[in-house]
1. Looking only at the range 50-65, which residues are part of a helix (DSSP H, G or I), open to solvent by 40 Å² or more (accessible area, probe 1.4 Å) and not aliphatic (A, V, I, L, M)?
2. Taking the conditions exactly as written (assigned to a helix (DSSP H, G or I) and at pLDDT below 75), does ASP219 satisfy them or not?
3. Where residues in the range 152-182 are open to solvent by less than 20 Å² (accessible area, probe 1.4 Å) and in a strand (DSSP E or B), which of them is modelled with the lowest pLDDT?
4. Among the residues of the range 19-39 satisfying the criterion of being in contact (Cβ under 8 Å) with a residue 24 or more places away in the chain and in contact with an Asp or Glu (Cβ under 8 Å, 6 or more places away or on another chain), which is farthest from TYR157 (Cα to Cα)?
5. Please determine, by comparing only the residues of the range 14-49 that are in a loop (DSSP other than H, G, I, E, B) and of a type outside the set (Asp, Glu), which one is most open to solvent (accessible area, probe 1.4 Å).
6. Could you give me the residue pairs with C-beta distances under 8 Å whose first residue belongs to the range 76-93 and is among the polar types (S, T, N, Q), whose second residue is open to solvent by 50 Å² or more (accessible area, probe 1.4 Å) and in a strand (DSSP E or B) wherever it lies, and which are 6+ apart or on separate chains?
Amino acid sequence: LGVDVDKRDFGVWLHDVLRRFHEALQAEPQAERAALMDAAAEQATQALGLRGGEFLPFAVAWPPLRDGYLHWLAGYEAETGAVFEQGEQRVRQTLGGVQLHGTFDRVDRLPNGAPMVIDYKTESPARTQARLKAGGEDTQLPFYALLTGHDAPQAAYLNVGEREPAKLYEPKELLAHAAALHQGIESDLARIAKGHPLRPLGEGGVCDWCAARGLCRKDFWQG
């Protein structure tokens, strides 16, 4: 089909579906979950203006994805006792002289009061696993840990793919990586304040999504 729908569009749609579903479930905890998921999917489809052939790839992938997600969710809730708190939450947090800001896909509250930040991924499980193998080089979850402002937060990637069952991937040494990231941010900003030039350290495709692209001069770096 010659339609302008790609993997990113699917991710945007799915993020909206899951937000709507969990908000509806929060309002009606005893409701039939599959029905709430289907209603959320229809609402997201209308909101994004997807129609006919454009929606066909989403429709084909939806039933197994929905059922796999609900199966995962039931086990996750039973095992952790986590309760959905908010979706698509915009947050600002000041640490020392640095103000951090970002958006959480989802925040759950654990029985001990700590937040569990979940970031949805629609990529392959192998790619999600590779993120965690990068350790301190993968800064997304450590950054989210800092952004919570909590002493002992938890954070994880939730892979919600079209072919594999939903699965949660939690990093090791999250708090240690978060502390190192905080130190690095403060160090880099202090160097910038003193007039040190920025080094071109952009890594491949990461530059495509960077809001500050060009400041590090990566596009003009020849060696």
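1. GLY52, GLU54, PRO57, PRO63, PRO64
2. Numbers: assigned to a helix (DSSP H, G or I): yes; at pLDDT below 75: yes.
Taking the combined requirement at face value, the residue satisfies it.
3. Among them, the one singled out is ASN159.
4. Initial filter on the range 19-39 (in contact (Cβ under 8 Å) with a residue 24 or more places away in the chain): 19-20, 22-23, 25-26, 33-34, 37-38.
With in contact with an Asp or Glu (Cβ under 8 Å, 6 or more places away or on another chain) added as a condition, the list becomes 19, 34.
Working: ARG19: 16, ALA34: 23 Å.
Restricting to residues being in contact (Cβ under 8 Å) with a residue 24 or more places away in the chain and in contact with an Asp or Glu (Cβ under 8 Å, 6 or more places away or on another chain), the top hit is ALA34.
5. Initial filter on the range 14-49 (in a loop (DSSP other than H, G, I, E, B)): 28-32, 49.
Narrowing further to those that are of a type outside the set (Asp, Glu): 29-31, 49.
Numbers: PRO29: 81, GLN30: 173, ALA31: 27, GLY49: 46 Å².
For the range 14-49, the residue satisfying everything is GLN30.
6. GLN89/THR103; GLN93/GLN99; GLN93/HIS101
The values are calculated or read from the model by the stated rules, or taken from the named source; none is laboratory data. Predicted model, so just to flag it, every value in this text is computed and none were measured. Using ideal geometry, Cβ is built from the backbone for each residue, glycine included, and neighbour counts are taken over all protein chains shown. We work out accessible area using only protein heavy atoms, side chains counted, and drop any ligands, DNA or RNA first. Shrake-Rupley method; radii C 1.70, N 1.55, O 1.52, S 1.80 Å.
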